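Right, I'll just put the structure down here and ask away after.
The values are calculated or read from the model by the stated rules, or taken from the named source; none is laboratory data. All of these numbers come straight from a predicted model, not from anything done at the bench. Neighbour counts are summed over all protein chains in view; Cβ atoms, including those assigned to glycine, are modelled from backbone coordinates with ideal geometry. When the accessible area is computed, the model is the full protein with side chains, heavy atoms only, and any ligands, DNA or RNA have been set aside. Shrake-Rupley method; radii C 1.70, N 1.55, O 1.52, S 1.80 Å.
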Amino acid sequence: MDEDRRIARLEKQILEAENTIKQMKSLNEILQLRAGIGSSSESVDSNVFELQNENIHLKEEVEQLKLRLVDLETMLGIPQVSVAVVPKPTSTSMDAVPTKEPEVAKETKTSKNIEKKKKESKPATQAKETATVDVSRLDMRIGQILEVKLHPDADTLYIEQIDVGEEKPRTVISGLVKHVPIEEMQGRLVIAMCNLKPAKMRGILSEAMVMCASSDKVELLIPPEGSVPGDRIIFDGYPGQPDAILNPKKKVWEQVQPDLYVDDNKVATYKGVPFKVEGKGECVAPTLAKVPIK
């Protein structure tokens, strides 16, 4: 038992010495950074060297005591069991193998997750991009012009505040000065297309477009009696939901607009199907017939 205690004490001294060496090496590095390699760093190096030598002697003494302990236990009939010793990795090998593999594994896992999400979202995206292009993609609603004035920087443009059934009115720029007198604009119910991407016109952002029958003459389309701001324009046979905002790159409006037309009876149509407000009736032009809608 005395031998065991002595071995334990020596191993503790070895551990303490190793810690002291590490601390002194760190101190040496600090001194080198602050003052360059000089007399103070040489003093530390000398102390480290002495401690390393002392540590070597202590380790040798421990090994000798262990051998002596084995001999004593053998004499007393205590069986000896061989234990496989796994070599302790050196500081160099430990430095060379930080948590590199887990990082790679983590990155691989993250990449796989991203790829998985992309694959999952791809069908939905493709469905959106390949959705049928028809009038149901347009968000056309009844609006009421609350305020109208001339654009300060353009003689042909009105600036309107139009209630389309939202929390606040939208600002709309319309090139109607030469076609509709300002007094006929004020308070009027109109049909507004609300999901074009907002765009600046002479420095002011326009958030919708007023729909008109258009030839040499231009007329605002008339909603059916009883319409209120926010009522949606629907088309029989085209039940789809409008896009939140039309993607200019997909040119949905440009593909649908050629089929918007005022028929012989002055009814606004898409491919012959009337513009309609559910339960209230059809939209018409005041006087024009057989002209496009823009």
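Residue-by-condition table, conditions (1) touching a residue at least 60 places away in the same chain (Cβ under 8 Å); (2) of a type outside the set (A, V, I, L, M, F, W, C):
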| position | (1), (2) |
| --- | --- |
| G240 | yes, yes |
| K251 | no, yes |
| Q255 | yes, yes |
| V267 | no, no |
| G272 | no, yes |
| V277 | yes, no |
| E282 | no, yes |
| V291 | yes, no |
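Related question: Filter the range 213-223 down to residues that are open to solvent by 10 Å² or more (accessible area, probe 1.4 Å) and touching a residue at least 40 places away in the same chain (Cβ under 8 Å) and give me whichever is farthest from the chain's Cα centre (by Cα).
My answer is K217.
Need pairs with beta-carbon distance below 8 Å; first residue farther than 14 Å from K59 by Cβ and surrounded by 14 or more Cβ atoms within 10 Å (Cβ to Cβ) and within the range 5-26, second modelled with pLDDT under 70 and not aliphatic (A, V, I, L, M); sequence gap 6+ or separate chains.
Filtered contacts from the range 5-26: M24/N47.
Let's see how each residue does on (1) of a type outside the set (V, I, T); (2) on the phi < 0 side of the Ramachandran plot; (3) assigned to a loop (DSSP other than H, G, I, E, B):
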site: V228; (1), (2), (3): no, yes, yes
site: P258; (1), (2), (3): yes, yes, no
site: Y261; (1), (2), (3): yes, yes, no
site: A289; (1), (2), (3): yes, yes, yes
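If you scan the range 169-200, which residues turn out to be of a type in the set (A, V, I, L, M) and within 30 Å of the chain's Cα centre (by Cα)?
M193, L196, A199
Residue under question is L146, and the condition is that it be modelled with pLDDT of 95 or more, more than 37 Å from the chain's Cα centre (by Cα), surrounded by fewer than 16 Cβ atoms within 10 Å (Cβ to Cβ) and of a type in the set (A, V, I, L, M); does it hold?
Here the answer is yes, as L146 does meet what is asked.
One line per residue, one yes/no per condition, for (1) within 27 Å of I234 (Cα to Cα); (2) open to solvent by 20 Å² or more (accessible area, probe 1.4 Å):
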{"position": "E166", "(1), (2)": "yes, yes"}
{"position": "M185", "(1), (2)": "yes, no"}
{"position": "R188", "(1), (2)": "yes, yes"}
{"position": "M201", "(1), (2)": "no, yes"}
